[in-house]
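Each reported figure results from applying straightforward, stated rules to the coordinates on display, with no laboratory input. Since we're looking at a predicted model, the values are computed, not measured. Neighbour counts run over all protein chains shown; Cβ positions are idealised from the backbone, glycine included.
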Amino acid sequence: MSVKTPIETRTMRLPAWAVGLTVFALLVGGVYFATNLAGDSPPFAIPGASGPAPGPSGGADPAVGEALIAQAAPPCTSCHGPDLAGQADFPSLHGVAEGPKSENLQDLAAANPDTWIHLWIDGTTPDTADLDRGGMPMFGEQFTPEQIDSIVAYLETLP
Amino acid sequence: MTVNPKVNPKKLRPYDTPPKRRRSLIPGAPDSAATGFMAAAGLWFALAAGLGVLAIALRIGEFKINFPLGLFELAFQLDERRVSAAFVNATVYGWLTNAGFAAIAFMAPRLTGRRLVGEPGMNIGLAIWNLSLLGGLAALYVFDLGPNQPLTAMPWLMTGGLAFAALIVTGSILATIGPALRTAYVSLWFAGIALLGLVGILGLIATVGLVDWFFHFDELPLALFSAFVERAIPTLWLLGMAYATLHYVVPRAAGQPLASGGLAILTLLAWLAFAPLAPLATLTDPSIPFFIVTLGSVATMLLLLPAALTAANLTGTMRGRWSVLLGPGPAAAAFVAIAFLLASSLLAGIRSLTDVAAFVGGTEWDNGFFIWTMYGAFTLAALALAQHAFARTLKRAWSPTLLSAAAMWLVFIGATVAGVALMGGGIAEGAFRAQGAAPADIDAGILGYRAVGFAAFGLVAVGALAHLADMFLLYTSARPVEYAVAGAPAVAASH
């Protein structure tokens, strides 16, 4: 195998339509670029996280959250009691805005003071992967981050 | 056989017999690297397709298997994310990259008229590449994937092995084609630049992984880098190799010269201008200036241009030889690949629009698009070259068989239907998401799309097995022949 075996080309000329098509494509691309220089990108969805980074529940609706608590499977009241004031080994959810009652969650709250309730309820993010959930379901598999924000907003209304 | 009557054979001692010819531990015969890479690619093709079927199945009915390994708190975990990562890596680094290395190892000597420089080195590269990849895939099931996309999820040591192997291959190829580069056929330019792109990206991944090992980057920059690379490898490496392959196979399959050398060079320049910029479109985060994302979107849209120019040029090359497309040969596979290339370039352009990206980003759309690009465009281009080249490297007579027809049609039908089903599922998923539906409801809503995708991708897996069996039977059963390598113009298009 020592002999050059080129592929021949019929012609080296560039067809006029190809030049026209290229110029047209560049013009269209240039116009699109010039008219889209500014805008808002959504937060990058990091793989392994359940969705956009959860934020404080400022924009969420407590009324929606109250309804979702009843719709959850299982409902929050089945473990935390009919009025969410705690029963058996399950802690009260009243006053969660002041911080977690469980020792298990102190580190999580210290590292994420604004979002620890959201992260704990969600349960699917790496932040809570090493925590003993003690039977608490991962509600991130049932609810969107916005819905969990509403649940948190409702819990924060409990005295 | 003549016998010397003066020699009594019974009195011959071992040192009287001629020494046996020793075979080198590392093969270095002409075309040994191309044959090795092609065989490895075939095996990875079957494995990757099987993993793809499993990945879709795990999205239909999710389950996790966790085997504690007892050492260093490691655990073997079989979940959807890990299986999907293995599927993507086996497809990109296993099947398509081995096929790409095989293609360039096959084309370079034939287009330059020179023997491949460092063929034994290429074979060492083949071993390092595939062993690193096997180690990397095993590691995917053990270590935490972090914020990485699949192609950057392997530990840095394994990616370093891949980068080293790619460097060996690149060195060998550049040493072969370098002296003839000024007048080289366009396929060598595509392949050479694509190889350099691959080495650069792999080196970057390994370096970032190594630095992260010691200093731990924040999740966001690591995730953005990972997303950039996830798009850069297909646009720079796989797309470049697809163009190189198609510009090589079609004139030979048609037995006619390339329609326009000028058009091929314009295609090369267009790809070279837009491919490095297109991955910028993935950097959608408030921390990245918006015009950079727009630049990436525009480049992604403009990648339709080289696809269209290639389609026109190679269609012109086939003029008067359309009957070649009717059989299951390299030409038919190449033209199906061109059709997929056009369609997937168009879809990538649409997907890069800001509103569309927000609607279908992170949904099943991306999985369907992956199948269309990898198993439609790139796989069929690789199959075209394999059908053309494998018989030549093994010096066997190739003729269309039921298995070669089955491989092409099953991959074509399977990839088409699976891609459409999953992209349709992605649109439905986007609609559910916009309504604020719960994840469980979304999963239930797109179950049908996933089921169709699962069944259709099963056909791709069967097609991969048919390709493997076809290669095996070609090696074991086909009639040995010698292929002419003379450089006369009359036979130039027959290699």
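Give the calculated FRET efficiency between residue A:8 and residue A:111 to the nearest 0.05, with a Förster radius of 56 Å applied to their Cβ-Cβ distance. Don't jump to the answer; show the numbers that get you there.
Values: r = 68 Å, r/R0 = 1.21.
The pair residue A:8/residue A:111 has a calculated efficiency of 0.25.
Stretching the chain fully between residue A:158 and residue A:27 yields a gain of 41.2 nm (0.36 nm per residue, less the alpha carbon separation).
Would you mind getting me the FRET efficiency between residue B:482 and residue B:273? Use the beta-carbon distance for r and R0 = 41 Å, nearest 0.05. Spell out each step's value before the answer.
Working: r = 43 Å, r/R0 = 1.04.
That gives a FRET efficiency of 0.45.
A cut-off of 5 Å between modelled amide H atoms, ignoring neighbours fewer than 5 places along the same chain, links residue B:143 with no other residue. Couplings 3J(HN,Hα) for region B:142-153, derived from phi with the Karplus relation 6.51 cos²θ - 1.76 cosθ + 1.60 (θ = phi - 60°), are 10, 8, 5, 7, x, x, 7, 6, x, 6, 10, 7 Hz, where x marks Gly and Pro.
Projected label points at residue B:325 and residue B:339, each 7 Å from Cα along the beta carbon direction, are separated by 0.8 nanometres.
Label-to-label distance for residue B:60 and residue A:37 is 5.1 nm, based on points extended 7 Å past Cα in the beta-carbon direction.
Computed across chain B, the Kirkwood hydrodynamic radius from all distinct Cα-Cα pairs reaches 23.7 Å. Counting, for every residue in A:116-123, the Cβ atoms of other protein chains within 10 Å of its Cβ and taking the mean gives 0. What the phi angles of region B:89-105 give under the Karplus curve with 6.51, -1.76 and 1.60, with θ = phi - 60°, is a coupling list of 5, 5, 5, 6, 7, x, 6, 6, 6, 4, 5, x, 4, 4, 4, 6, 5 Hz, glycine and proline written as x. Across region A:84-92, computed HN-Hα scalar couplings (Karplus, 6.51 cos²θ - 1.76 cosθ + 1.60, θ = phi - 60°) run 6, 8, x, 7, 6, 8, 8, x, 6 Hz from first to last residue, x flagging Gly and Pro.
With an 8 Å cut-off on Cα pairs and a minimum separation of 6 or more residues, tell me the relative contact order of chain B in percent.
Working: 756 pairs, mean separation 75.7, N = 495.
For chain B, the relative contact order is 15 percent.
Summarising the label geometry, the points placed 7 Å from Cα in the beta-carbon direction at residue A:141 and residue B:315 lie 5.1 nm from one another.
Using a Förster radius of 51 Å, what is the FRET efficiency between residue B:210 and residue B:409 based on their Cβ-Cβ separation? Nearest 0.05, please.
Details: r = 45 Å, r/R0 = 0.88.
Efficiency computed from Cβ-Cβ geometry: 0.70.
Counted residue by residue at 0.36 nm each, then reduced by the alpha carbon distance between them, the extension gain from residue B:182 to residue B:23 reaches 53.5 nm. Between helix B:379-394 and chain B there is an angle of about 10 degrees, using the helix long axis and the longest principal axis of the Cα atoms.
Peptide B:261-268 has a mean of 5 when you count, residue by residue, the C-beta atoms of other protein chains within 10 Å of its C-beta. Helix B:290-302: angle to the longest alpha-carbon principal axis of chain B, degrees 0 to 90, nearest 10? Tilt relative to chain B: about 50 degrees.
Between the Cα long axis of helix A:145-155 and the first principal axis of chain A there is an angle of about 20°, rounded to the nearest 10.
Average partner chain C-beta neighbours within 10 Å, per residue of A:141-148? Walk me through the intermediate numbers first.
Numbers: counts 5, 4, 4, 6, 0, 1, 3, 0.
Mean shielding by partner chains, rounded to a whole number: 3.
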